[in-house]
Amino acid sequence: MDTSKIYILAIESSCDDTSAAILFNGKILSNVVANQKIHEEYGGVVPELASRAHQQNIVPVVHQALVKANIDKKQLSAIAFTRGPGLMGSLLVGTSFSKSLALGLDIPLIEVNHMQAHILAHFIEEEEQSKPSFPFLAMTISGGHTQIVKVNHYFDMEVIGETIDDAVGEAFDKSAKILGLPYPGGPLIDKHAQKGNPKAFSFTKPRVDGLNFSFSGLKTGILYFIQGKLKENPNFIEENLDDICASIQYTIIEILKDKLKKAVKETGIKQIAIGGGVSANSGVRAMLKDGESRYGWKSFVPKFEYCTDNAAMIAIVGYLKYLEGNFSDETVTAKARYSI
Ligand code: KG4
Ligand code: ZN
């Protein structure tokens, strides 16, 4: 097999973003993402609407990815797609499209685990971006996921901690909803938090054994706290928004930091690579920097467009699998629950 010129088309459709990317060897030539605005009206992702929007978006998104990369589909070496985990209806759109196109072009098909892809996004070739070396710890934090993974090698990973209820992004979004902020509220909490006092109000941190997380109790605690304060002062939220956001963000980040410290202690690994939409949070970034000077951690944060759901991360996994000759056959099916 000639591995000197590999073009991978990758497709991601696991949740509410339709994305296609073209990768040439380790480098991304294009990474097109169509966000689905429709869910904002509902305050969360509506699965049925997501799969319909994927159907509408997938052809133009793939077309745009090819145009931006300035290549023809006949040059493609393989097609990589997200097999799971995710919403079944959404995954089916990407899976069927990829299978048909690979069959039509008579090129290999490569299935990708979305959670592995969030982690392996760190191996996309980017200037001035250093890569973690094995073994390292990966923390994937987004609206759908919260996991700490011990990464021994590309395809040798072990989940050592994960949420037992809500994801960390959900904790941000649901707290924001309680405060009357629009969906997704995570970035807005972050914005207000930067102007507030993180110690103004205190919220109880959950007690969860080992390296697992729980965020649903915190959300309920915030709800009761706000309801109580509103009874005393109907303007409590407006008058204290920055301090409330700073205190919520501080609590969430303390939860993440405690578990990271524990994971480092248990594994002896000090390299920490993060991914997922919540990696954009200014408090998360500051906490990692602080860990570098305080505990000798080395942290890695990919470019933001490779943190949120995107096809570039699917493409790099497709490339790594291509080099191993690890292809899927046409009977492969979408898998809503798919562990690393
Ligand atoms: O990775 P992502 O785009 O989609 C998935 O959930 O898979 O992550 C979106 C999540 C949302 O919950 C959003 O509120 C959160 O990431 N988020 C943030 C920030 N930017 C995005 N949360 C806190 N601070 C931010 N700056
Ligand atoms: Zn994701």
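The values are calculated or read from the model by the stated rules, or taken from the named source; none is laboratory data. All values reported here derive from a predicted model rather than from experimental measurement. Virtual Cβ from ideal backbone geometry, glycine too; neighbours counted across all protein chains shown. Just so you know, the surface numbers come from the protein's heavy atoms only, side chains and all, with ligands and any DNA or RNA stripped out. Shrake-Rupley method; radii C 1.70, N 1.55, O 1.52, S 1.80 Å.
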TODO: Go through (1) open to solvent by less than 50 Å² (accessible area, probe 1.4 Å); (2) more than 19 Å from Q271 (Cβ to Cβ); (3) in contact with a strand residue (DSSP E or B) (Cβ under 8 Å, 6 or more places away or on another chain); (4) polar (S, T, N, Q) one by one and return the number of the condition N326 breaks.
DONE: (1)
- [ ] May I ask you to say which residue of E128, E111 is on the phi > 0 side of the Ramachandran plot and more than 16 Å from ligand 1 (Cβ to nearest atom)?
- [x] E128
- [ ] Please enumerate the residues belonging to segment 100-115 that are surrounded by 20 or more Cβ atoms within 10 Å (Cβ to Cβ) and not hydrophobic (A, V, I, L, M, F, W, C).
- [x] P108, E111, N113, H114
Task: Condition check for F201: under 29 Å from K131 (Cβ atoms) and among the aromatic types (F, W, Y) - done: no
Open item on the list: Looking at segment 297-323, I want the residues that are more than 16 Å from ligand 2 (Cβ to nearest atom) and have a partner that is part of a helix (DSSP H, G or I) and open to solvent by 10 Å² or more (accessible area, probe 1.4 Å) with Cβ atoms under 7 Å, at least 6 apart or on another chain. Which pairs are those?
Closed with: W297/V264; K298/E292; S299/E292; F300/H122
TODO: May I ask you to verify whether K191 is closer than 14 Å to G44 by Cα, without any contact (Cβ under 8 Å) to a residue 60 or more places away in the chain and either assigned to a helix (DSSP H, G or I) or near ligand 1 (Cβ under 8 Å from one of its atoms) (or both)?
DONE: no
TODO: Might you check whether a residue that is within 16 Å of ligand 1 (Cβ to nearest atom), under 30 Å from Q194 (Cα atoms) and either surrounded by fewer than 21 Cβ atoms within 10 Å (Cβ to Cβ) or not small (G, A, S) (or both) occurs anywhere in segment 257-273?
DONE: yes
- [ ] Filter segment 212-251 down to residues that are outside any helix (DSSP H, G or I) and open to solvent by 10 Å² or more (accessible area, probe 1.4 Å) and give me whichever is nearest to I160 (Cα to Cα).
- [x] N212
Task: Filter result (farther than 20 Å from I252 by Cβ, within 16 Å of ligand 2 (Cβ to nearest atom) and among the β-branched types (V, I, T)) within segment 114-157 - done: I119, I124
